[in-house]
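The values are calculated or read from the model by the stated rules, or taken from the named source; none is laboratory data. Since the structure is predicted, the reported quantities are computational estimates derived from the model, not experimental observations. Backbone-built Cβ (ideal geometry, glycine too); neighbour counts: all protein chains shown. Surface accessibility is based on the protein's heavy atoms, side chains included, excluding ligands, DNA and RNA. Shrake-Rupley method; radii C 1.70, N 1.55, O 1.52, S 1.80 Å.
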Amino acid sequence: MTSTQQRAALQRQIWQIANDVRGAVDGWDFKQYVLGTLFYRFISENFALYIKGGDDSVNYAALDNAVITPEIKDDAIKTKGYFIYPSQLFVNVSTDANSNESLNTDLASVFAAIEASANGYDSEADIKGLFADFDTTSNRLGNTVVDKNSRLAAVLKGVAGLDFGDFQGSQIDLFGDAYEFLISNYAANAGKSGGEFFTPQHVSKLIAQLAMHKQTSVNKIYDPACGSGSLLLQAKKHFDAHIIEDGFFGQEINHTTYNLARMNMFLHNINYDKFNIQLGNTLINPHFSDDKPFDAIVSNPPYSVKWIGSDDPTLINDERFAPAGVLAPKSKADFAFVLHALSYLSSKGRAAIVCFPGIFYRSGAEKKIRQYLVDNNYVETVISLAPNLFFGTTIAVNILVLSKHKTDTKTQFIDASGEEYFKKATNTNILTDDHIEQIMLAFDSKEQVAHFAESVDHDKIAENDYNLSVSSYVEAKDTREVIDITQLNAELKTTVAKIDQLRVDIDAIVAEIDLPAGRQGRD
């Protein structure tokens, strides 16, 4: 089955599950049950494969819980980070789901046991609360136990019906594709901006390539507003895992997406000791400040959100913001995220950050921050993307690429907003691999390309009031029709001559009509 066929089958299956529970669970809440069940199935299959250890004669799901010794359990938790007894495996729970009268409470017990298995181990913080949003006793599933069990069984059976072999053998990113499909169908209806929680995979791919460009190895990769972890995972997909030496780091303020990010790490075979996702407000309570700087940073922070800013007088002395001499406006935290990322960036690294376009031309504090970035030669490239690439917003966003190892004082501007740099689609526009390649070739070469890429001297940007808008430096292509004036004049001359002759002919006809009846036809 090809990736296109698998993706279509996944979407059909999810839609069928939605139909089975429609009317009871709001679409936005429903996604938690689908994604949580996908995760439950994955870790069950992954754990069973670990126990099997390549021995086809071992069928872990068929074993009795009693045969599990404390030594087996201890060793498994130290390796995998969690433990699942045979009776708790997805395959066993889903098989009897339709006839299990206590399905909702049994599931709750299984999830609690999986999380509790890590207590006292190094993986405890990475496992704790993973199933917090999968509330099997919620009235959102129905007012009676029978209703709850019926809908839970429908979700379990639906996910069990995804026949793609094992997760590792799938041709697609099951979790990412499922999340993207759910958000595209439910985010608008739920009145929530999916763009805050998920970066489409095609955009994530470009951002990851920009941040990792020409780095044969990085110590670690970081996203200060990681959402579901999609940007971090694109780095893993695009590069061999071994070159990201110390793993994947992120912070997320939204509890639901924080849990999804941790699930996503496990779903992509990133072990608990190779990721560190923290919950909290990155701007006010940042994690990892005592760690070594990061060689690669990727981020799609929320656009123009409010933050405490100058209302907290200590922030101007914060080492992240102090060098700029000014804080981002309280009503627009965009540059606070940019300065945060810059302070976490190593001397060899790059940061690729999705930004709201207004921050590149507005005056006031934002202009002063731009001046700090340009004068200190941190801005490598600004890329203008096409509109409607993200769920929940049609804005044509920019990507800001920061670097601390530039070899000249030029800043590159790339205009990838034209129709030749994206593919129109039903819900959102798409960057194809060819589009990404065009952008990356220009980014790599830094060559001038008419109407597409320009590298601009520091002095010119300073003279332009530190405006970093791409349109200020890349001349838009003139799509107006080219007119040959000489040819046009000749055509006009011919047309005027025809009109003059037509008038003569009409006058003659009118004159003949006006003659007295006795003289018509005579001379």
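A few comments on the model shown:
Residue-wise test of (1) assigned to a helix (DSSP H, G or I); (2) open to solvent by 20 Å² or more (accessible area, probe 1.4 Å); (3) of a type outside the set (Lys, Arg).
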{"position": "Asp408", "(1), (2), (3)": "no, yes, yes"}
{"position": "Asn427", "(1), (2), (3)": "no, yes, yes"}
{"position": "Leu441", "(1), (2), (3)": "yes, yes, yes"}
{"position": "Ala462", "(1), (2), (3)": "yes, yes, yes"}
{"position": "Asp465", "(1), (2), (3)": "no, yes, yes"}
{"position": "Leu468", "(1), (2), (3)": "no, no, yes"}
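- Residue in region 358-379 that is crowded, with 19+ Cβ neighbours inside 10 Å, within 19 Å of Tyr222 (Cα to Cα) and at pLDDT 95 or above present: yes
- Contact map, region 5-31: first residue farther than 17 Å from Thr136 by Cα, second residue modelled with pLDDT of 75 or more and not polar (S, T, N, Q), Cβ cut-off under 7 Å, separation 6 or more or different chains; pairs are Leu10/Leu162; Gln13/Gly158; Gln13/Gly161; Gln13/Leu162; Ile14/Val34; Gln16/Gly158.
- Of the helices (runs of 4 or more DSSP H) that lie entirely inside region 1-85, those containing 1 or more residues that are among the small types (Gly, Ala, Ser) and at pLDDT below 80 span 3-21, 27-52.
- In region 321-357, the residue that is surrounded by the fewest Cβ atoms within 10 Å (Cβ to Cβ) out of those that are touching a residue at least 60 places away in the same chain (Cβ under 8 Å) and not aliphatic (A, V, I, L, M) is Lys348.
- Selected residue [open to solvent by 10 Å² or more (accessible area, probe 1.4 Å) and either within 16 Å of Ala351 (Cβ to Cβ) or within 12 Å of the chain's Cα centre (by Cα) (or both)] from Gln234, Gln251: Gln234
- Set side by side, the residues Ala62, Ala113 differ, and just one is more than 23 Å from Tyr272 (Cβ to Cβ), in contact (Cβ under 8 Å) with a residue 12 or more places away in the chain and of a type in the set (A, V, I, L, M, F, W, C), which is Ala62.
- Hits in region 374-424 - residues which are charged (D, E, K, R) and out of contact with any Gly (no Cβ under 9 Å at 6 or more places or on another chain): Asp375, Glu380, Lys406, Asp408, Lys410, Asp415, Glu419, Glu420, Lys423, Lys424
- Exactly one residue among Ile72, Ile68, Ile84, Ile77 is more than 28 Å from Asn259 (Cα to Cα) and either in contact with a strand residue (DSSP E or B) (Cβ under 6 Å, 6 or more places away or on another chain) or free of Cβ contacts under 8 Å to residues at least 60 places away in the same chain (or both), and that residue is Ile68.
- Residues that are hydrophobic (A, V, I, L, M, F, W, C) and open to solvent by 40 Å² or more (accessible area, probe 1.4 Å) were ranked within region 274-320; the one that is nearest to Ile395 (Cα to Cα) is Val305.
- Members of region 93-148 that are hydrophobic (A, V, I, L, M, F, W, C) and more than 22 Å from Lys80 (Cα to Cα): Ala97, Leu103, Leu141, Val145, Val146
- Test: residue in region 502-523 that is at pLDDT 75 or above, within 59 Å of the chain's Cα centre (by Cα), among the hydrophobic types (A, V, I, L, M, F, W, C) and in a helix (DSSP H, G or I): no
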